[in-house]
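Q: The structure is given below, and queries will be raised subsequently.
Readers should treat all values here as calculations from the given coordinates under stated rules, not as data from a laboratory. Worth saying up front: this structure is predicted, and the values here are computed from it rather than measured. Cβ sites come from the backbone with ideal geometry, for glycine too, and all protein chains shown count toward neighbours.
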Amino acid sequence: MTTSAAPRIVSLSITERGSALAAKLPYEHRRGRLIETVKEEWSRCDGMVVFAAAAIAVRAIADLLADKETDPAVVSVDESGRYAIVLCGGHRREANALAREVAACTGATPVVSTATDLAGLPGVDTFSGFNARGDVAALGRAWLDGRAPAVGVDAGLEDWPLPAALRGLSRLPRSADNNDPGQPGSPEQREHTTITVTDSATPPRPGEVILATRSLVLGVGASTGASPDGLERAVNNLLDSANLDVRCVGAVATLDAKTAEPAIVALAERLDVDLVGLGAAALAAVEVPNPSEAVRRAVGTPSVSEASALLAGGPGAKLIAGKTVSATGDSTVAMARRRTPPGLLSLVGLGPGDPYMRTLQATAAVRHAEVVVGYKGYVDSAGDLLSNSQLVVSYPIGAETERVRDALAYAREGRTVALVCSGDPGVYALASLAFELAEGEGGLAIRVVPGVTAALSAAAILGAPLGHDHASISLSDLLTPWSQIERRIKAVAEGDFVVSLYNPRSARRATQLPAAIEILSAHRSPSTPAAVVTDAGRPTETVTRTVLGELDPSGVAMFSLVVIGSTGTRWIGDRMVTPRGYAP
């Protein structure tokens, strides 16, 4: 289970013009009573977009500002839609990213004044997978002045992947930097800044920013009806005794039969981490320092807390706090440290190209990835989601296998990776290749983030051509023999399917589309509705509405989609419609 909810963003407007702009955004919208609405939403949302002059927006939020940790992101957009201005929450609350997203959807220009952004430097409080604490502002100022920080990594975390933006900085083992670098404001403190990667609870020293990892796995055993308060106190005592930071707990693990135990569920929810259930047989195979025969007789494994922490921690995990029994006697806890994060590869569909047609899940996957990989054209189309803190790896057209292999390699390092594709990653894209190349890697997490594929976006433009049974066929014979494509076209023609033809024509492939039209024409009337949609969902979109007998292949390009109706498809005005059969 995961307990993190999607950010709640609201847009606020006070005029018709502002409301029209707000309608272009995928956020909840409220209109009217700006001052009152801002007050109502301030503590309830993660971000707000205010369609009003910046001065009006500033007055609306001024009395509510408290601190950058809790204030929501606020972006002001003038009612002409020219500028999306970040007012507060730049890095910490992702207002800079919100402004870029708003700008992409409305055509505005994002106005970001964060100094590190403007200088092309990363914000250390934006690194995915880390929690920053310490004097972030002082470190940023020093870096802007040309004094880059040194990077220290605590013992036990030497293999933990550093943010890509920290590559090339000098390394400084924290144990070698134990001397007080000076009091805040002293010349020594102003000259030396350090970024330390750690999971300890030791407070940052002057000139130091802590990057807290999610490297800890908490193993939990509990009796039926165990005390939630007793378990929570046991966890707090374990963390205190081992000097570990609660923010570094990345998962709670337990016996699979206990994943519904209220005390354990409440603990995972409080920590806002995944709850991992593991089988008794797998736990029994884990060597632990404190096995119990009584536990083995009761649940089938001699250890739950220690074995769960180690097994969920993955290869190389080490036990750093052994089994501790709660004061109430009905639960046990133990802690292990992961050698590296588990890693995640997200295969992300960006849709047809317009940010307005990109899903919220795709937006989040790209924005929060440590590494973004893809064909340059696709990466550029997601430029509003990218930041200086990410490693962005672009490729020329082609090189599909290289893209996927590199994305998998970054994920194996323990990084969160987004491999971006146009449309949907599972439709004539790279999802299938990724699963093929990763076959047998049971420990590597891969997820598919769907997008709006060309057939769906073109169908929406045309009307409802896919209202009944339909098929999609790629006319590219670079990977599939033409003889096989011909058989498929014939089967679709004989089956009377509406067909969407992907990759219909290019400079080197000019004969396939005429051949496909000829096959379909043998089974359909020349008056069958047909259409060509080029650059669907992009500013350069063009649409040609015609019939099968008049379909001209010379007007079709590589980025076109050809839609040819079935015998039941008809034009209703300029709408291509395939009836489902509901009407009497």
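Q: Lysines within cross-link reach of LYS323: Cα-Cα under 20 Å, excluding same-chain residues under 8 positions apart?
A: In chain and number order, the partners are LYS258.
Q: Mind checking which aspartates and glutamates have their C-alpha under 17 Å from LYS490, skipping anything on the same chain fewer than 8 residues away?
A: Straight-line reach from LYS490, under 17 Å: ASP469, ASP477, GLU518.
Q: When the Cα centres of the stretch 335-358 and the stretch 266-326 are compared, how far apart do they sit, in Å?
A: Using only Cα atoms to place each centre, the spacing works out to 28 Å.
Q: Please report, for the Cα atoms of the stretch 455-577, the Rg to one decimal and the Dmax as a whole number; what are they, in angstrom?
A: Calculated on Cα positions, Rg and Dmax stand at 13.1, 39 Å.
Q: Continuing with this model, one more query. Per 10 Å bin from zero, what fraction in whole % of the C-alpha pairs of the stretch 372-506 is there, up to the bin with the longest pair?
A: Spelled out bin by bin, the stretch 372-506 gives 10, 34, 32, 20, 4, 0 percent.
Q: Moving on to the next point. Could you compute how fast the stretch 344-452 diffuses translationally, taking Rh as the Kirkwood radius over C-alpha pairs and applying Stokes-Einstein at 4 °C with viscosity 1.567 mPa s? Give it in µm² per second. Intermediate results must be reported in sequence, preceding the final value.
A: Numbers: Rh = 13.3 Å.
Estimated via Stokes-Einstein, D reaches 97 µm²/s.
Q: Moving on. If you find the alpha carbon centre of the stretch 424-492 and of the stretch 368-393, how far apart are they in angstrom?
A: The stretch 424-492 and the stretch 368-393 have Cα centres spaced 23 Å from each other.
Q: Indicate the gyration tensor shape class of the stretch 216-337 (rounded, prolate or oblate), computed on the Cα atoms with a ≥ b ≥ c the square roots of the eigenvalues: a/c under 1.5 is rounded; otherwise a/b larger than b/c is prolate and the rest oblate. Don't skip to the end; give the middle numbers.
A: Details: a/c = 1.37, a/b = 1.13, b/c = 1.21.
Rounded.
Q: With a cut-off of 8 Å between alpha carbons and a minimum separation of six or more residues, what is the relative contact order of the chain in percent? If you can, show how the numbers build up before the last one.
A: Details: 1278 pairs, mean separation 54.5, N = 584.
Relative contact order for the chain comes out at 9 percent.
Q: Rounded to the nearest 5, what % of the DSSP beta bridges within the stretch 42-113 are antiparallel ones? Could you put the intermediate results ahead of the total?
A: Numbers: 4 of 12 bridges.
Here the share of antiparallel DSSP bridges comes out near 35 percent.
Q: Roughly what % antiparallel, to the nearest 5, for the DSSP beta bridges in the chain? Each step should come with its number before you reach the end.
A: Values: 40 of 102 bridges.
In the chain, DSSP labels about 40 percent of beta bridges as antiparallel.
Q: Here's something else I'd like to know. Taking the radius of gyration and the Kirkwood hydrodynamic radius from Cα positions alone, what is the Rg/Rh ratio for the stretch 9-113, to two decimal places?
A: Details: Rg = 11.9 Å, Rh = 13.0 Å.
Result: Rg/Rh = 0.91.
Q: In the stretch 97-154, how does Rg compare with the Kirkwood Rh, expressed as the Rg/Rh ratio over alpha carbon atoms?
A: Rounded to two decimals, Rg over Rh is 1.06.
Q: Identify all lysines with a Cα-Cα distance to LYS68 below 21 Å; exclude those on the same chain that are fewer than 8 residues away in sequence.
A: List returned: LYS39.
Q: What whole number of Å gives the distance from the Cα centroid of the stretch 51-89 to the Cα centroid of the stretch 17-31?
A: Going from one Cα centre to the other spans 15 Å.
Q: What is the fewest-to-most order of ARG17, ARG339 by other Cβ atoms lying within 10 Å of their Cβ?
A: ARG17, ARG339
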